[in-house]
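The values are calculated or read from the model by the stated rules, or taken from the named source; none is laboratory data. In this text, all values refer to a predicted model and were calculated from it rather than measured experimentally. Here the Cβ positions follow ideal geometry from the backbone for every residue, glycine too, while neighbour counts run over all protein chains shown. The accessibility values were calculated without ligands, DNA or RNA, using every heavy atom of the protein model including side chains. Shrake-Rupley method; radii C 1.70, N 1.55, O 1.52, S 1.80 Å.
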Amino acid sequence: MKIILLGPPGAGKGTLANAMKEKYRLTHIAMGDILREEMKSGSPLGKEVKSFVESGGLVPDHIVTKIVENKVTRGNLAQQGFLLDGFPRTGTQAKDLDAILAKSGQAIDHAVYLEASLPVIIQRLTGRRVCRACGALYHLTNMPPKKSGVCDSCGGELYQRADDNEETIKTRMDVYLKNTVSIVDFYRSQGKLQKLNADSGLAELMKQFAKILDGHSKSNTN
Ligand code: ADP
């Protein structure tokens, strides 16, 4: 199964993907995580993308598309299936992704759009904390760690992403709104768009998402 997760920053794409990937044996490809790793390592790519990520703007299409192409083709993921989170973010990226998959006769199965309202988004992003060592996600009130500032799974230090401040969140929302219509229309016209209400808590969202994934497996075995 090849699934795309769409939706505004803070809708819970990463949280949902982390919660579902094992059961459905899907590789989670999170573009934001890949870019932050590159920045942390100080690689030439990391240096190139730093200013875009920190300002909340978009990294140029050709850079992110190349990253996805490498991941998908090298890991043979076009055959094995993936949950793609944070890509595509523009109409061009959506078209390029189709072209990459088409080379091996593959296509996206579902584009799942997580809809969330602005107050929910702001509350989620400003309270989000991330483990510096393993990348696990927490929230100060919605999903707090057992011990403040410390990762439950690996004991790493929790930090607040530099772009999770109110001003950069506003830029990210503007960028998102400007690009989202073309992506949503693209997948709707292919009959692949599924919308989920992401204002609800994680358990409810997982249930709704599982229906899509289970429905897919059923229709493929019948
Ligand atoms: P969010 O919480 O906003 O969904 P991500 O962690 O997915 O954040 O992305 C963080 C930043 O990385 C974005 O604001 C953007 O600068 C960059 N980025 C991530 N994915 C893409 C993409 N597909 N195209 C361009 N830039 C991207």
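For the peptides 1-12, 28-39, 184-195, the ranking by mean Cβ contacts within 10 Å, running from highest to lowest, is 1-12, 28-39, 184-195.
Farthest toward the positive end of the dipole of the chain, out of VAL64, SER153, LEU140, is the Cα of SER153, where the dipole comes from beta carbon charges about the Cα centre. Whole-Hz Karplus values for region 2-16 come out as 10, 10, 10, 9, 10, x, x, x, x, 6, x, 4, x, 4, 5 Hz, taken residue by residue from phi with 6.51 cos²θ - 1.76 cosθ + 1.60 and θ = phi - 60°; glycine and proline positions read x. When you work out D = kT/(6 pi eta Rh) for the chain at 10 °C and 1.306 mPa s, using the Kirkwood radius from C-alpha pairs as Rh and the Stokes-Einstein form, the result is 88 µm²/s.
For LEU6, the amide hydrogen comes within under 5 Å of the amide hydrogens of VAL112, TYR113, LEU114, counting only partners 5 or more places away or on other chains and with H modelled in the peptide plane. Tell me, what % of the accessible area of region 50-161 is carbon and sulfur with a 1.4 angstrom probe? Here carbon and sulfur together make up 53 percent of the probe-accessible area. From the Kirkwood radius over Cα pairs of region 1-119, Stokes-Einstein at 37 °C and 0.692 mPa s returns a whole-number translational diffusion coefficient of 222 µm²/s. Note on region 65-121: Cα convex hull, mean projected area over all directions, 4.5 nm². Where the alpha-carbon atoms of region 98-201 are placed on the principal axes, they occupy 46, 32, 24 Å, in descending order. Along region 26-32 the Karplus relation, 6.51 cos²θ - 1.76 cosθ + 1.60 evaluated at θ = phi - 60°, assigns HN-Hα couplings of 10, 7, 8, 10, 10, 4, x Hz to successive residues, with x for each Gly and Pro.
Quick one: pull the percentage of alpha-carbon pairs in region 146-199 with a separation above 16 Å. In whole percent, the share of Cα-Cα pairs in region 146-199 beyond 16 Å is 68. Converting phi to 3J(HN,Hα) with the Karplus coefficients 6.51, -1.76 and 1.60 and the offset θ = phi - 60°, region 79-87 yields 8, 7, x, 7, 10, 9, 10, x, 8 Hz in sequence order, with x at every glycine or proline. Taking the inverse of the mean 1/r over every pair of distinct Cα atoms in region 118-168 gives a Kirkwood hydrodynamic radius of 11.1 Å. Sorted on the mean count of surrounding Cβ atoms within 10 Å across their residues, most packed first, peptides 149-161, 77-89 read 77-89, 149-161.
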